[in-house]
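Reading through the structure tokens given below for one structure.
The values are calculated or read from the model by the stated rules, or taken from the named source; none is laboratory data. Computed from a predicted structure; not experimentally measured. We place every Cβ from the backbone using ideal geometry, glycine too, and count neighbours over all the protein chains shown. Protein only, heavy atoms only, side chains kept; ligands, DNA and RNA dropped before computing areas. Shrake-Rupley method; radii C 1.70, N 1.55, O 1.52, S 1.80 Å.
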Amino acid sequence: MGTRVKPETLALMKQRGESIAMLTCYDHPTAVFQDAAGVDVIFVGDSVGVNVLGYKSPQQVTMNDMLHHTRAVRRGVVSALLMADLPYRSYETPEQALENARQLVSAGTEVVKLEGGRNIMPQVEALVAEGIPVVGHVGYTPQTRTGKRPVFGDRAEEALDVLYDADALASAGALAVVLECVPERVAEVVTRRLSMPTIGIGAGRVCDGQVLVAHDMLGVYKSHYRFVKTYTDLKRVMHQAFAAYVADIKAHRFPEDRHRFKIKSAELRRFRAQIDE
Ligand code: KIV
């Protein structure tokens, strides 16, 4: 078991120049494997909707979805810091943010993440005042940005928005910020100017940490995002296993002798005697 990662560990890691490794996670076995592999932050993202629930958009994800998956992941995490997303429209006011964040904390998360910057400062302040650690999310924000352009911050005005939003989150007491699909040079400026850690996804090499969607890096879906590195081809591995199973069943190759339960002859005779009557 590794050293327990706490909310305050993230700032220490930035000070030490130690990169933060974060991955999305939606279920118990994945949480166990990620924790054992040394992932620092295990994150129940609202990308659960598109990646495992079959939704078309993150906007369909409900608080109940997030609570259900957060509980499952909680049961598998020992050392990592557990973080969960507040889903779309669950934090429109500070009161609503507080009510829903409390539920996520009861489900086992240690940190809540919400999308936005200057526009959600009252929500972040309310959560922090209540002792709930918060991570913000700026740049490309999937809950509200549905446009085709995959990058945010490649125009000077947008780059300023990224910086000012991240800065506002830090002033409101957030402990870190996710920068999504931001040009590397912009992410670099934000990372250098803030004492709060930045965690990039499609934000280049200079952030204080990195996050990927586990399903993308495992190759469950063919990712078309240039920022994804695929570490294995789980789609192929799963397809091969399922097809081999079907072939075994059709050919009566499974179950085999070693997969059977047995009954003693005497018990079988007694059983037969009773039904033969
Ligand atoms: O829900 C999610 O997977 C996210 C990542 C893109 C950081 O917010």
> Mind checking which residues of the range 239-253 are open to solvent by 80 Å² or more (accessible area, probe 1.4 Å) and not basic (Lys, Arg)?
Replying inline: His239, Gln240, Phe242, Tyr245, His252
>> Regarding the range 211-222, can at least one residue be identified that is basic (Lys, Arg) and at pLDDT 95 or above?
In response: no
> Among the candidates Leu114, Leu81, Leu104, Leu127, which residue alone is in contact (Cβ under 8 Å) with a residue 60 or more places away in the chain and either open to solvent by less than 20 Å² (accessible area, probe 1.4 Å) or touching a strand residue (DSSP E or B) at 6+ places or on another chain (Cβ under 8 Å) (or both)?
Replying inline: Leu81
>> Suppose we filter the range 152-171 for residues that are of a type in the set (A, V, I, L, M, F, W, C) and not in a helix (DSSP H, G or I); how many remain?
In response: 1
>> Given the options Pro87, Pro29, name the one that is assigned by TED's automatic domain parsing to the domain that holds Asp208 and assigned to a helix (DSSP H, G or I).
In response: Pro29
> Counting just the residues of the range 130-181 that are open to solvent by 50 Å² or more (accessible area, probe 1.4 Å) and closer than 18 Å to Lys14 by Cβ, which one comes out nearest to the ligand (Cβ to nearest atom)?
Replying inline: Asp167
>> Please pick out the residue among Pro142, Pro150 that is touching a residue at least 40 places away in the same chain (Cβ under 8 Å) and touching a Gly at 6+ places or on another chain (Cβ under 8 Å).
In response: Pro150
> Filtering the range 108-129 down to residues that are more than 16 Å from the ligand (Cβ to nearest atom) and within 16 Å of the chain's Cα centre (by Cα), which residue is farthest from Ala174 (Cα to Cα)?
Replying inline: Gly108
> Which condition number in (1) under 21 Å from Asp167 (Cα atoms); (2) within 12 Å of the ligand (Cβ to nearest atom) is the one that Tyr91 fails?
Replying inline: (2)
> Just to be sure, is Val39 in a loop (DSSP other than H, G, I, E, B), surrounded by 14 or more Cβ atoms within 10 Å (Cβ to Cβ) and within 14 Å of the ligand (Cβ to nearest atom)?
Replying inline: yes
>> Within the range 181-277, considering only helices (runs of 4 or more DSSP H) that don't extend past its boundaries, which have at least 2 residues that are in the same structural domain as Gln15 (by TED's automatic domain parsing) and touching a residue at least 40 places away in the same chain (Cβ under 8 Å)?
In response: 214-217
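Test Ala174 against the stated conditions and say whether it is among the hydrophobic types (A, V, I, L, M, F, W, C), touching a residue at least 12 places away in the same chain (Cβ under 8 Å) and outside any helix (DSSP H, G or I).
yes
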> Is at least one residue of the range 192-209 surrounded by 23 or more Cβ atoms within 10 Å (Cβ to Cβ), within 13 Å of the ligand (Cβ to nearest atom) and hydroxyl-bearing (Ser, Thr, Tyr)?
Replying inline: yes
> Can you spot a residue in the range 54-66 that is modelled with pLDDT of 95 or more, within 11 Å of the ligand (Cβ to nearest atom) and crowded, with 23+ Cβ neighbours inside 10 Å?
Replying inline: yes
